1. Name every residue in the range 22-59 that is at pLDDT below 90 and among the small types (Gly, Ala, Ser), in order of residue number.
2. Mind checking which pairs have a first residue in the range 77-95 that is among the acidic types (Asp, Glu) and a second that is open to solvent by less than 80 Å² (accessible area, probe 1.4 Å), Cβ under 7 Å, 6 or more apart or different chains?
3. Quick one: in the range 60-90, of everything that is open to solvent by 70 Å² or more (accessible area, probe 1.4 Å) and touching a helix residue (DSSP H, G or I) at 6+ places or on another chain (Cβ under 8 Å), which residue is modelled with the lowest pLDDT?
4. Filter the range 70-88 down to residues that are touching a Leu at 6+ places or on another chain (Cβ under 8 Å) and farther than 16 Å from Asp29 by Cα, then give me how many there are.
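The values are calculated or read from the model by the stated rules, or taken from the named source; none is laboratory data. Every value quoted in this text rests on a predicted model; they were computed, and no experiment measured them. Glycine also receives a Cβ, built like all others from the backbone with ideal geometry; neighbour counts cover every protein chain displayed. The protein model used for the area step is the full one, side chains on, heavy atoms only, and it has no ligands, DNA or RNA in it. Shrake-Rupley method; radii C 1.70, N 1.55, O 1.52, S 1.80 Å.
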Amino acid sequence: MSEAGALSTVVSQVLKSIRQRQGEISQQDWPRIAGKQISNHTKSLGLKDGVLTIIVDHPAWAQQIAERKKRLLDRWNEQVPGAPVNDLSVRVGDR
């Protein structure tokens with residue numbers, strides 16, 4: 001394998017590892033950040049490019065997340081500085 005091919009493979013593996021870690025971080029930290037009441041009705045699907053995707057079990061919870069968005073983002077970025085979140089994407093569906 002050429003040097004460029006080897007470097008490309010290493011970069012791909014590192015990026016894959018980062019994406020997996022971001023998913024793990026979001027699933028582990030969301031309940032703590034959101035609190036018990038919200039986390040009982042939501043689940044983190046993952047973190048990609050600074051956007052944390054959340055699934056909610058009812059449209060009313062999507063509204064609750066929207067109303068608390070700034071507070072949730074601030075809390076996340078204070079408590080999980082290694083995985084910054086700039087936005088939340090909320091979907092309604094089965095958790």
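1. Selection gives Gly23, Ser26, Gly46.
2. Hits for this filter: Asp87/Gly50; Asp87/Val51.
3. Gly82
4. Our first condition is that a residue be touching a Leu at 6+ places or on another chain (Cβ under 8 Å); within the range 70-88, this holds for 72-73, 76, 83, 85-88.
Now restrict to residues that are farther than 16 Å from Asp29 by Cα: none.
The number of residues fulfilling the criteria is 0.
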